[in-house]
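The values are calculated or read from the model by the stated rules, or taken from the named source; none is laboratory data. Just so we're clear, the structure is a prediction, and the values are computed from it rather than from any experiment. Reconstructed Cβ throughout: ideal geometry from the backbone, glycine too, with neighbour counts over all protein chains shown. What goes into the accessible areas is simple: the full protein's heavy atoms, side chains included, and nothing from ligands, DNA or RNA. Shrake-Rupley method; radii C 1.70, N 1.55, O 1.52, S 1.80 Å.
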Amino acid sequence: MASETTETARQTETAGEAEPAGERPAARSRQRLRLQTIRNMVLSMAIICLGAFAMYFFIPHDESIDPVREVEYDVAASTAARVAPYELLAPEGLPEDWRATSVRYEPQGEFGATWRLGMIDPEDEYVALAQSDAVVGGPEPFLASVTQNAEDTGETVSAAGRDWARYEGDRYDALVLQEPEVTTVVFGTVATDRLVAFAEALEVRAR
């Protein structure tokens, strides 16, 4: 009888060491909580993705909308002309399908007093005007910057009654008019005859 009692006590003690009371239910509860959290996260991501797809496919998209952002330059040109230390030029009489995309005047920029106007022509080509008094370092750094390192061909073309130097480059071709007070550059992705036409549309903006 004593032997049986001792054996029973030993078994009870061993069972207690292997599995403390309440430990297994708590572990299962934590595991269920983790699984529920993961499931909720997956469901939330699925709902977000479905919502994004629904917005994309069901909200109308107009593929014909032009991504070019057009700006107004007339007032900016008149304002800059009043303070520029040279005769500031701006195109006049261009057809309505010419669109200005950038305009900026810097009274004391890297290349002195600088006027820039960028436009898109009716064939979606880029044409731009840049002027600078280039008081520091001469006109060469200014020309290299605006024309993306186009080089002088040694040829000239006539535009607006003046002889412009013709430049060619990997990105832009350009016409350059250097005068004592200002260097004027007409450049872009168009052929020389189109640059000439743009240069001939330039007029001195009244101060």
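Annotations
- Among residues of the stretch 163-184 being more than 18 Å from PHE111 (Cα to Cα) and out of contact with any Phe, Trp or Tyr (no Cβ under 8 Å at 6 or more places or on another chain), the one that is least open to solvent (accessible area, probe 1.4 Å) is TRP164.
- Of all residues in the stretch 87-111, exactly one satisfies the criterion of being touching a helix residue (DSSP H, G or I) at 6+ places or on another chain (Cβ under 7 Å), of a type in the set (Phe, Trp, Tyr) and either open to solvent by 30 Å² or more (accessible area, probe 1.4 Å) or part of a strand (DSSP E or B) (or both), namely TYR105.
- For GLU140: the one exception among (1) modelled with pLDDT under 95; (2) open to solvent by less than 80 Å² (accessible area, probe 1.4 Å); (3) not aromatic (Phe, Trp, Tyr): (2)
- Flag for ASP121 being open to solvent by less than 30 Å² (accessible area, probe 1.4 Å), of a type in the set (Asp, Glu) and under 25 Å from THR192 (Cα atoms): yes
- Test: residue in the stretch 192-207 that is out of contact with any strand residue (DSSP E or B) (no Cβ under 9 Å at 6 or more places or on another chain) and within 19 Å of TYR86 (Cα to Cα): yes
- Identity of the residue in the stretch 68-86, under 12 Å from ILE120 (Cα atoms) and not acidic (Asp, Glu), that ends up least open to solvent (accessible area, probe 1.4 Å): VAL71
- Criterion (closer than 16 Å to MET119 by Cα and modelled with pLDDT of 95 or more) met by exactly one of TYR167, TYR172: TYR172
For (1) at positive phi; (2) surrounded by 15 or more Cβ atoms within 10 Å (Cβ to Cβ); (3) among the hydroxyl-bearing types (Ser, Thr, Tyr), each residue gets a yes or a no:
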position	(1), (2), (3)
ALA113	no, yes, no
THR153	no, no, yes
VAL186	no, yes, no
VAL190	no, yes, no
ALA206	no, no, no
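- Search result, residues across the stretch 123-138 that are under 27 Å from ASP74 (Cβ atoms) and in contact with a strand residue (DSSP E or B) (Cβ under 9 Å, 6 or more places away or on another chain): GLU125, TYR126, VAL127, ALA128, LEU129, ALA130, GLN131, SER132, ASP133, ALA134
- Taken over the stretch 131-151, residues that are aliphatic (A, V, I, L, M) and not in a helix (DSSP H, G or I) amount to 4.
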